[in-house]
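This report refers to the structure that appears directly beneath it.
The values are calculated or read from the model by the stated rules, or taken from the named source; none is laboratory data. The shown structure was predicted, so the numbers you read here are calculated from the model rather than taken from an experiment. Because the Cβ atoms are built from the backbone with ideal geometry, glycine has one as well, and the counts that use them run over all protein chains shown. We work out accessible area using only protein heavy atoms, side chains counted, and drop any ligands, DNA or RNA first. Shrake-Rupley method; radii C 1.70, N 1.55, O 1.52, S 1.80 Å.
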Amino acid sequence: MHKNNMKKPLACNTLQIDEATSSRRLRRMRKADWSRRMVQETHLRVDHLVLPFFLTYGTGVEEPVDAMPGTFRYSVDMAVRLAERAAKLGIPAIAPFPREKAEIKTDDGSFIQSPDNLINRAIRAIKKEVPEIGIISDAALDPFTTHGHDGILKDGIILNDESVDMVVRGALAQAEAGADVISPSDMMDGRIGMIRNALDQHGFQDLPIMSYATKFASAFYGPYRDAIGTQGVLRGDKKTYYLDPANSDEAVREAEQDLIEGADLLMVKPGMPYLDIVHRLKSTFRMPTYAYQVSGEYSMIKAAGINGWIDEEKIIMESLLAFRRAGCDGIFTYFALEAAEHLRNNS
Ligand code: PBG
């Protein structure tokens, strides 16, 4: 029986190949650089990169993040310089994340709606001096809450609708500051529709929404909490609103819901361990799909690179190409500057 199976002609597209299989040599086009270039299926360009970075108060500050060697917290004036550098390299967009000061934190995170919070100050300053770069602003409560959650916490429960109301106000404040894309990352139900309505009612009908549609309850965010100063702050975990890392069908339902509510772009987060989700969303919805190579992914590569255990530059480029192969239209990566420089020097 086994023998019979082996004798059966192999189906190769439309051709039925039998003895011809023995002359098939898959290595023929791999033999030289020129021929490999001819059959390369996916490419990474600078257009595919988005640079996330951290903000802090003060002037002239560029403060290293311990858990993410090579990344910094920038005061607003230095963030403008960073944006200039990114724009010069051709990076299309940046994504600021604020380390807010303890004094402004409240249980309901209401400082998210202040025009004077760090993210809004940075948006205004960058839009004034580097208008050509896109700013994708994170509409989330975690930098502003005393408990580090992305929602309003009451008696141990994250209140959905109250949290959405507050995120909507934050999104409007970001739109007014000049953000180019609003990206809610809180995973509350109904937030995309509510934000879309509010934006439309306030004259921002042309402002796109990038939904963190599938954000998983992941330990890969660990170093980010050091970066924005919520590591000791977070009470409990985010499992009641972020997705279970075990679930893929539910991720599709989340993305579908956000698209129905008006999301223009989808985000999968974290990135590398969730490329199957990227592939599934892209092939299901055919919408612009982004992924976030998050802090833990960054720090793992960086730590191994610093120790000389891996070739950091090659690993960065290979990992970014893998995102593209899986179906990503773009990647949020703390390596965006290095990757853009590599692409500039090697093309
Ligand atoms: C929360 C938020 C998170 C990240 C950015 N915004 C996750 C979290 O703290 O739960 C993680 C980014 C990263 O790890 O690089 N709104």
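From most to least packed by mean Cβ count within 10 Å, the peptides 40-46, 27-33, 223-229 give 223-229, 40-46, 27-33.
Ligands, DNA and RNA left out, the 1.4 Å accessible surface of the stretch 156-198 is 49% carbon and sulfur atoms. Dipole magnitude for the stretch 234-347: about 60 debye, using +1 per Lys or Arg Cβ and -1 per Asp or Glu Cβ, origin at the Cα centre. State whether the stretch 44-345 is rounded, prolate or oblate according to the following rule on the C-alpha gyration tensor (a ≥ b ≥ c being the square roots of its eigenvalues): a/c under 1.5 gives rounded; otherwise a/b larger than b/c gives prolate, and the remaining case gives oblate. Rounded, because the longest to shortest axis ratio a/c is under 1.5. Positive-end ranking of Tyr224, Gly330, Gly148 along the dipole of the chain, with charges on Cβ about the Cα centre, is headed by Gly330.
Solvent exposure of the chain amounts to 49 Å² per residue of accessible area, where only protein heavy atoms count and the probe is 1.4 Å. For the chain, the 222 nm mean residue ellipticity estimated from helices alone, with every DSSP H stretch of n ≥ 4 adding -39500 (n - 2.57) and the total spread over all residues, rounds to -12000 deg cm²/dmol. Binning all Cα-Cα separations of the stretch 137-253 at 5 Å, short to long from zero, yields these whole-percent fractions: 2, 11, 21, 22, 20, 14, 7, 2. Working ranking of peptides 114-124, 64-74, 132-142 by packing, defined as the average number of other Cβ atoms within 10 Å per residue, highest first, is 132-142, 114-124, 64-74. For Lys31, the lysines whose Cα comes closer than 26 Å to its Cα, not counting residues fewer than 8 places off in the same chain, are Lys314. Label sites at Asp311 and Arg286, each approximated as a point 7 angstrom past Cα along Cα to Cβ, lie 3.9 nm apart.
Given +1 at the Cβ of Lys and Arg, -1 at the Cβ of Asp and Glu and no other charges, the dipole of the chain around its Cα centre is 1980 debye to the nearest 20.
For the stretch 287-301, putting each phi into the Karplus relation 6.51 cos²θ - 1.76 cosθ + 1.60 with θ = phi - 60° gives couplings of 9, x, 10, 10, 9, 10, 6, 7, 3, x, 5, 4, 5, 5, 5 Hz, in residue order, rounded to whole numbers and with x for Gly and Pro.
Which of the chymotrypsin sites (Phe, Trp or Tyr not before Pro) found in the stretch 258-347 are loop residues per DSSP with 16 or fewer other Cβ atoms within 10 Å of their Cβ? Here the sparse-neighbourhood loop sites are Trp309.
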